[in-house]
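J.: First the structure, then my questions, so here it is.
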Amino acid sequence: MDEDSERKSAAADSFGASADGYLGSRMHSEGEDLELLATWCDGATRALDVATGAGHTAGALLERGVTNVVALDASPAMVATSVDSFPGVGGVVGDAERLPFATDAFDAVTCRIAAHHFPAPGAFVREVARIVRPGGVFALEDNVVPEDDALASFLDRLERMRDPTHVRAYRTSTWHEWLESAGFVVRETVRLVKRLDVEPWIGRIRSLGAEDGERVRQYLRDAPDEAVEFFDIRYGEDGSVRSFGSPKALIRAEPGR
């Protein structure tokens, strides 16, 4: 098994063990970002949600009137959670970088807060470009890093300490480059910050041991002033770390063909 395959297998196992935690996660189950991604797909009849996790985006697409929604994930447990939690959603176990669908199979493809786990996100974008029909839409949301290298490294290290299956978060400009290289036209980009409460965020990773969790807390307590300011890290009166801001980008792209 090559390194990328090992990463994917580890991620599937980790997320499978944490499926219940993601189903109950407020960051994943609600928010204006979820509503916006679903709204961007209005008018679609067949949609695919890639790396669906617990299925919240797939469920939101159904609520917006998409009649045929497929939820794909590398984790069988996540697919099962999606199908059980959102009646009407179809489930497929599959690789985001080798999508098992025909060319032009979907009117809309979504992917929400997941692509930072992909070893080859450029390949993922090219696969989406293949399966979205002309006139369709690709609605993407993911964690992004700032342009400053030191701040970007701080955030990536934090994410990897908490979840070893995190590969890398990218700049919004890098996503634009990948999309345009794959033949998409970027129609809209929305930047936002989601505030994460540290304890639920750490607790969602069921495989994270107590010592590892404490290292994450200490890393945030020791954050340099620049990171404290940029990510708005907040502390309790007792010195405990309470929350921080996680930058996201939402991108609506359409096939240029």
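The values are calculated or read from the model by the stated rules, or taken from the named source; none is laboratory data. Here the structure is a predicted model, which is why all the values come from computation and not from measurement. With ideal geometry, Cβ positions are generated from the backbone for all residues, glycine too; neighbour counts draw on all protein chains shown.
J.: Looking at the stretch 197-216 only, could you name the residues that are surrounded by 16 or more Cβ atoms within 10 Å (Cβ to Cβ) and in contact with a strand residue (DSSP E or B) (Cβ under 6 Å, 6 or more places away or on another chain)?
T.: Val198
J.: Does Val92 satisfy being of a type outside the set (Phe, Trp, Tyr) and either in a helix (DSSP H, G or I) or touching a Gly at 6+ places or on another chain (Cβ under 9 Å) (or both)? Step through it out loud before you land on a result.
T.: Details: of a type outside the set (Phe, Trp, Tyr): yes; either in a helix (DSSP H, G or I) or touching a Gly at 6+ places or on another chain (Cβ under 9 Å) (or both): no.
Spelling it out, it is not the case that Val92 is of a type outside the set (Phe, Trp, Tyr) and either in a helix (DSSP H, G or I) or touching a Gly at 6+ places or on another chain (Cβ under 9 Å) (or both).
J.: Ser29 versus (1) crowded, with 16+ Cβ neighbours inside 10 Å; (2) under 28 Å from Gly122 (Cβ atoms); (3) at pLDDT below 80: which is the lone unmet condition?
T.: (2) is the only condition that Ser29 fails.
J.: Further question: Before we move on, is Val66 part of a strand (DSSP E or B) and either surrounded by fewer than 24 Cβ atoms within 10 Å (Cβ to Cβ) or of a type outside the set (Ser, Thr, Tyr) (or both)? Give the steps one after another, and end with the answer.
T.: Details: part of a strand (DSSP E or B): no; either surrounded by fewer than 24 Cβ atoms within 10 Å (Cβ to Cβ) or of a type outside the set (Ser, Thr, Tyr) (or both): yes.
The answer is no for Val66.
J.: Within the stretch 214-233, can one find any residue that is part of a strand (DSSP E or B) and out of contact with any helix residue (DSSP H, G or I) (no Cβ under 7 Å at 6 or more places or on another chain)?
T.: Of the residues in the stretch 214-233, the ones part of a strand (DSSP E or B) are none.
Looking through the stretch 214-233, none of the residues is part of a strand (DSSP E or B) and out of contact with any helix residue (DSSP H, G or I) (no Cβ under 7 Å at 6 or more places or on another chain).
J.: Let me ask you something else. Keeping to the stretch 120-150, report how many residues are outside any helix (DSSP H, G or I), of a type in the set (Val, Ile, Thr) and touching a helix residue (DSSP H, G or I) at 6+ places or on another chain (Cβ under 8 Å).
T.: Going through the stretch 120-150, the residues outside any helix (DSSP H, G or I) turn out to be 120, 132-148.
The next check asks that each one be of a type in the set (Val, Ile, Thr); those that pass are 132, 137, 144-145.
Applying the additional criterion that residues be touching a helix residue (DSSP H, G or I) at 6+ places or on another chain (Cβ under 8 Å) yields 137, 144-145.
The total comes to 3.
J.: Regarding the stretch 179-189, can at least one residue be identified that is of a type in the set (D, E, K, R) and part of a strand (DSSP E or B)?
T.: Our first condition is that a residue be of a type in the set (D, E, K, R); within the stretch 179-189, this holds for 180, 187-188.
Next, only the ones that are part of a strand (DSSP E or B) stay: 187-188.
Checked the stretch 179-189: at least one residue is of a type in the set (D, E, K, R) and part of a strand (DSSP E or B).
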